[in-house]
Structure formats: structure tokens, C-alpha cells
């Protein structure tokens, strides 16, 4: 059975509020599952009690666009985590295909692209991390 965005929308839409919240909090969802569940929680106006603001996609802004591509899914997850720490909803896509193609994408709502550019520039301006400097000097 192939899991698609549409099948997840149907599944999460059929759950009671309590079951939906339990699934979201379970920690067992894929990135796509978490994203769709967050959208359903937001649609039901349960978001303020359940999910951090950084995990909420505004109901009017579900058009996700690619802001970065990585060869390694771990690098994509690190970048995604950084964006989420700065309040940007972000999703890692194509992890399953990355083993074959090495093409993992990070997606954000179109309205948050400018913020992502600011964050990316701040990362570049900062330069290498202290851990990198210490490892390089050994």
C-alpha cells in the first residue's frame, strides 16, 4: 500500500480530535504524516493546545516550495531543525529516494521563503562553528 498525501488527509480527517492529537504526539509519524496531521489540527483550530507555532502551517499557505537540496538526509534534517528553531515550518522531502538519487529537499510555505533567506544568510555570515574550528586545529 502506497501512502500519499491524499490518503493521509483522508485518514487524519476521519479521526476524532483525541485520536488525531494522540497520533500527532506519538512521535511515530513520517515528515509527511506530521505535516498533514498538523494541517488537520490547525484546520480544526486545535493547534494552540497541541503543536508549537513553528509546526503550524497557516491554513491559507499550504503551497510548499523547495528552499534547499542536500545529498545527505542528515544534513537536510539539521537544516530543517534550524529553520524550525527560528519559527519556520519546514519539511524534509524525498528521504526514501535519497539512497538512490541523493536528492533530499527541504520545503517551506511560500510566505516564509524570505525568512529562510535571512536565516541562511545569518548562517553564512557566522562562518564555521566552534566545533569545526576545534576539530580543524587538532
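The values are calculated or read from the model by the stated rules, or taken from the named source; none is laboratory data. Please read all numbers here as calculations on a predicted model, not as lab measurements. Because the Cβ atoms are built from the backbone with ideal geometry, glycine has one as well, and the counts that use them run over all protein chains shown.
Here are a few things to note about the model shown:
Residues checked against (1) outside any helix (DSSP H, G or I); (2) touching a residue at least 12 places away in the same chain (Cβ under 8 Å); (3) more than 23 Å from residue 88 (Cβ to Cβ):
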residue: 8; (1), (2), (3): no, yes, no
residue: 13; (1), (2), (3): no, yes, yes
residue: 18; (1), (2), (3): no, no, yes
residue: 24; (1), (2), (3): no, yes, no
residue: 28; (1), (2), (3): yes, no, yes
residue: 33; (1), (2), (3): no, yes, no
residue: 36; (1), (2), (3): no, yes, no
residue: 39; (1), (2), (3): no, yes, no
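- For residue 75: the one exception among (1) modelled with pLDDT of 85 or more; (2) under 30 Å from residue 18 (Cα atoms): (2)
- Just so you know, in segment 72-92 the residues that are farther than 19 Å from residue 33 by Cβ and not in a helix (DSSP H, G or I) include one that is farthest from the chain's Cα centre (by Cα), and it is 72.
- Pairs meeting the criteria (first residue in segment 79-90 and in the same structural domain as residue 117 (by TED's automatic domain parsing), second residue part of a loop (DSSP other than H, G, I, E, B) and crowded, with 16+ Cβ neighbours inside 10 Å, beta carbons under 6 Å, at least 6 apart or on different chains) are 80/90; 83/90; 84/90; 89/57.
- Per-region count, segment 18-57, residues at pLDDT below 70 and touching a strand residue (DSSP E or B) at 6+ places or on another chain (Cβ under 7 Å): 1
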